[in-house]
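Trainee: Dropping the structure in here first, questions after.
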Amino acid sequence: MSKNIHLDALTERERAVVDLLARGYGTKEIAARLGRAAPTISTQKKSALRKLKVSSAVELALHINGVTVLKWTD
């Protein structure tokens, strides 16, 4: 089951960070591209992940790119 990603819950800056995360960029690369400090990007990333109810940048990127993640249980 896929989670609904509501990007409208994000600020403009958080959306910019999420867009680059979904394209595979890391924190330092995003900071350089957006002209911000890496700690600022980390804070915006954490805030966006919390708002979107995903646990990692990888999970976020998969959902943004339309990939359904199956969780395996033993």
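The values are calculated or read from the model by the stated rules, or taken from the named source; none is laboratory data. On a predicted model such as this, the values are computed, not experimentally measured, just so you know. When we count neighbours, we look across all protein chains shown, and the Cβ atoms used for this are built from the backbone with ideal geometry, even at glycine.
Trainee: Across region 49-64, which residue is surrounded by the most Cβ atoms within 10 Å (Cβ to Cβ) among those that are outside any loop (DSSP other than H, G, I, E, B) and free of Cβ contacts under 8 Å to residues at least 24 places away in the same chain?
Mentor: LEU49
Trainee: Taking interchain pairs and intrachain pairs at least six residues apart, which have beta carbon atoms under 8 angstrom, with the first residue in region 1-14 and assigned to a loop (DSSP other than H, G, I, E, B) and the second at pLDDT below 65?
Mentor: Correct list of pairs: MET1/THR68; SER2/THR68; SER2/VAL69.
Trainee: So how many residues does region 28-65 have that are of a type in the set (Val, Ile, Thr) and modelled with pLDDT of 95 or more? Don't jump to the end; show me each part of the working.
Mentor: Taking region 28-65 first, the residues of a type in the set (Val, Ile, Thr) are 30, 40-41, 43, 54, 58, 64.
Filter once more, keeping what is modelled with pLDDT of 95 or more: 30, 40-41, 43.
Count: 4.
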